[in-house]
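K.L.:
Can you read through this structure? Questions will come right after.
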């Protein structure tokens, strides 16, 4: 054991990771592959997030987009919407970033054996679900059918299109829709709830995993309920201002939830349905 | 070979309505098929048909001077294509182009309007159904206008 | 056991001799605040306070009571949860980054004169900062090291409501020694031991066993204090009441008065919101610090796109429902210990007990935007 391994840093201190690869997914979405320089963080579960530090700029919560238990680098997919996400998006191979985590609740993959699963994502929302999708595509379970419904703004803003196509070849029922396209696109054009309209299985008894902008999640959840999915079987991923990631700075509160600890994955019923409908204004 | 009344009753617009109502629609209906690429609806042309899609998808499109036409929405199986036969000036607002091989029940708009005028009970039942579909489409369109995946509303 | 005022001085000296930085009440700038104290001479001898919503006054009398007052604006929160702490520093060195954890080397402190409600507050804070899956090392270090001398209340303020929150006026919770001042011609202090190290410190100063009369006198002090407390808050009913009244018209009412100044969060001994920020300098060093924050701050709920809680209404509602209701969901107990500081130090005198009672009085009322009646022609 080295000195570093014996001295566990406090929960506020980031572990250093190096960017070993990067990919520009769309004009504002980037994936980074990170490998540890300091002792690595604990094993994570699909749906959890890390606090990533761009040294000199700041720290933000980013979902882990690689599959749990997969060997090799940990992946994070970042959307450029602010100073820190911009700095992370601009990271070059070889740069050092800070990682704290893993934090939060997960999608509960162990509860998905033998049940049908419908995954509904919008925008960058597929990133927090990519680890779970990889797991579902690679691990067949008897009596489990998986449907994936993807919404994006434009065809060139679909994240991970090659992987989506591969999942389709691996037996996932895939449908993708965009808000607008030109006639070169032969896929669907319309909101993601329109391609939810037909599931290849009965909604009752199915589990739904939903991730995307909050408005998209609540419209999708309502459509899923109309299709017979039990509200408590719909899992959404919520976010608020996260600063410490360890349930002691008070910023990520949403009603009774501390989202860094009780979320980001929460069941739509009994509470999230109201929480994501009412603006606190 | 399925009966026309069964084909019509399968479509979400007519599903669950009484047999007598469906029979009225049968009198205006015929089976049609289109190859991929076929322009089923043509912008500006007289609108006189309601299509109950059975299989295949149709892209609602709008032409522009240069570049490929823009797709506004994809209408899929079990859905309804074409509303401009319902209200004057009875002209298509957009193109409707088959993406896949399309099979549909084509219902003559003039015929349907005449039967609705003659039988207000039938007319009201039809209109209630049509309103529901239109409302759903409007709400979906409104959600798309929010541009949820874009940056346009953020600071 | 019983000690006299000299014994109090010996207690302070003994703690100092053992390396504790003794922090206790002193009069400064017209208020009773916490400073390092050297001896019993530093304590607020003969001082009293009068508190009302939005008002705090001190006065000096002919008596020699050391603790004839309730609480001042400060609590011992700043001792265990400093207003600013460096979490880590990073230095860029070519293509590499070196990170070192912030060091907390504050000397161990003795909290001299922590009211029972303040001891309860330390336990509530501990539930958040030490009870988490990954505890805060600064709080844990400082709280474990702190020697707590609690002093039971003989003169509660009009704004106190500890009796409703189960946090006073009698001592409870985790303390090392508990004192009760028995004023009068035979000025003395009843001392109760709350821990092994408390007993060890007491053993090192002169004291005599308590008699039945001493115990009765102490009970009388507590009894008088309990009777003197007039404000009440239904702590058991609060969580459900607030959860089902998020659209109550009272929120609009309080919003016309609240300035969103955040004073309540500053003086509250359990408020723990803290901002985590990174600052850099030109030499290539980045520093991550944690500093006190307030949910009344507009930036508190900021996400890309804007803040979630923009109106004063939503921010006051957040503070009060968190303190009395969702804190219970999050941590298993109420966040309020009934010290009344938020009432006293609110510049416009908003009273949390009054606000809760107003909501309870019309439980279920909903603010609706009704159209104004249109008069027919």
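K.L.:
What ranking do A:52-64, B:129-141, A:144-156 get when scored by the average of other Cβ atoms within 10 Å per residue, highest first? Mind dumping the intermediate values first?
P.N.:
Numbers: A:52-64: 23.9, B:129-141: 13.5, A:144-156: 21.7.
Highest-to-lowest ranking by the protection proxy: A:52-64, A:144-156, B:129-141.
K.L.:
While we're on this one: Treating the angle as unsigned and between 0 and 90°, give the value, to the nearest 10°, between the Cα long axis of helix A:127-138 and the longest Cα principal axis of chain A.
P.N.:
70 degrees
K.L.:
I need the peptides B:28-39, A:37-48 ranked by packing, meaning the mean over residues of other C-beta atoms within 10 angstrom, with the highest value on top. Spell out each step's value before the answer.
P.N.:
Values: B:28-39: 14.1, A:37-48: 17.7.
Packing proxy ranking, top to bottom: A:37-48, B:28-39.
K.L.:
While we're here: What ranking of B:75, C:37 emerges when the number of other C-beta atoms within 10 Å of each C-beta is taken as an exposure proxy, fewest first? Spell out each step's value before the answer.
P.N.:
Details: B:75 25, C:37 21.
Least crowded to most crowded, the residues run C:37, B:75.
K.L.:
Hey, fewest Cβ within 10 Å first, where do C:1, A:133, A:170 land in order?
P.N.:
Details: C:1 19, A:133 26, A:170 14.
Result, fewest neighbours first: A:170, C:1, A:133.
K.L.:
Still on this model: Packing-wise, with mean Cβ within 10 Å as the measure, how do B:86-98, A:243-255 rank, highest first?
P.N.:
With the highest mean Cβ count within 10 Å placed first, the list reads A:243-255, B:86-98.
K.L.:
Next question. For B:52, A:34, what ranking results if the residue with the fewest other Cβ atoms within 10 Å of its Cβ goes first?
P.N.:
So the ranking, lowest neighbour count to highest, is B:52, A:34.
K.L.:
Relative contact order, percent, of the stretch C:238-361 when contacts are C-alpha pairs under 8 Å separated by at least 6 residues? Could the numbers behind the result be given before it?
P.N.:
Working: 147 pairs, mean separation 42.9, N = 124.
That works out to 35 percent.
K.L.:
While we're here: Hey, what number do you get for chain B at 222 nm if only DSSP H runs of n ≥ 4 count, each worth -39500 (n - 2.57), divided across all residues, to the nearest 500? Mind showing how you got there, number by number?
P.N.:
Numbers: 4 runs with 51 residues, N = 155.
For chain B, the value works out to -10500 deg cm²/dmol.
K.L.:
Okay, moving on. How many angstrom separate the Cα center of the stretch A:174-197 from the Cα center of the stretch C:52-109?
P.N.:
So the two Cα centres are separated by 56 Å.
K.L.:
Go ahead and estimate [θ] at 222 nm for chain C from helices alone: -39,500 (n - 2.57) per DSSP H run with n ≥ 4, summed, over the residue count, rounded to 500. Working shown, then result.
P.N.:
Details: 14 runs with 115 residues, N = 377.
For chain C, the value works out to -8500 deg cm²/dmol.
K.L.:
With the contact rule set at Cα under 8 Å and sequence spacing of 6 or more, what percent relative contact order holds for chain C? Mind dumping the intermediate values first?
P.N.:
Numbers: 727 pairs, mean separation 79.5, N = 377.
Relative contact order here is 21 percent.
K.L.:
To the nearest whole number, what is the average tally of beta carbon atoms from other chains within 10 Å of the beta carbons of peptide C:94-101? Before the final figure, lay out each step's value.
P.N.:
Details: counts 0, 5, 5, 11, 2, 11, 2, 5.
Rounded to a whole number, the mean comes out at 5.
K.L.:
Partner chain Cβ atoms within 10 Å, averaged over the residues of B:70-83 - can you pull that number for me?
P.N.:
Working: counts 6, 12, 4, 8, 11, 4, 7, 1, 2, 2, 0, 0, 0, 0.
Per-residue shielding by partner chains comes out at 4.
K.L.:
Given Cα pairs under 8 Å that are at least 6 residues apart, what percent is the relative contact order of the stretch C:163-317?
P.N.:
Details: 139 pairs, mean separation 26.2, N = 155.
Averaging sequence separation for qualifying contacts and normalising by length gives 17 percent for the stretch C:163-317.
K.L.:
Using a 10 Å cut-off on Cβ to Cβ distances, tally the other chain neighbours for every residue of A:236-248 and report the average as a whole number. Could the numbers behind the result be given before it?
P.N.:
Values: counts 0, 0, 0, 1, 4, 9, 2, 8, 8, 2, 6, 8, 15.
Average neighbour count from other chains, rounded to a whole number: 5.
K.L.:
Rounded, prolate or oblate: pick one for chain C, where a ≥ b ≥ c are the square roots of the eigenvalues of its C-alpha gyration tensor, a/c under 1.5 means rounded, and failing that, prolate if a/b is larger than b/c, else oblate.
P.N.:
Oblate.
K.L.:
Under the rule of -39500 (n - 2.57) per DSSP H run of 4 or more residues, summed and divided by the residues of chain A, what mean residue ellipticity at 222 nm is obtained, to the nearest 500 deg cm²/dmol?
P.N.:
Numbers: 7 runs with 54 residues, N = 281.
That comes out to -5000 deg cm²/dmol.
K.L.:
Based on DSSP, what percent of beta bridges with both residues in chain A are antiparallel, to the nearest 5? Provide the component values of the computation, followed by the final result.
P.N.:
Numbers: 34 of 56 bridges.
If I count the DSSP bridges inside chain A, around 60 percent turn out antiparallel.
K.L.:
Once you have a ≥ b ≥ c as the square roots of the Cα gyration tensor eigenvalues for chain A, tell me rounded if a/c is under 1.5, and otherwise prolate or oblate according to whether a/b is larger than b/c. Intermediate results must be reported in sequence, preceding the final value.
P.N.:
Working: a/c = 1.61, a/b = 1.43, b/c = 1.13.
Prolate, since a/c reaches 1.5 and a/b exceeds b/c.
K.L.:
Still on this structure, I have one more. Rounded to the nearest 5, what is the percent of antiparallel bridges among the DSSP beta bridges in the protein assembly as shown? Could the numbers behind the result be given before it?
P.N.:
Working: 105 of 137 bridges.
Given both bridge residues lie in the protein assembly as shown, the antiparallel proportion sits at roughly 75 percent.
Every number here is computed from the coordinates shown, using simple stated rules; none is lab data. These figures come from a predicted structure and were not determined experimentally. With ideal geometry, Cβ positions are generated from the backbone for all residues, glycine too; neighbour counts draw on all protein chains shown.
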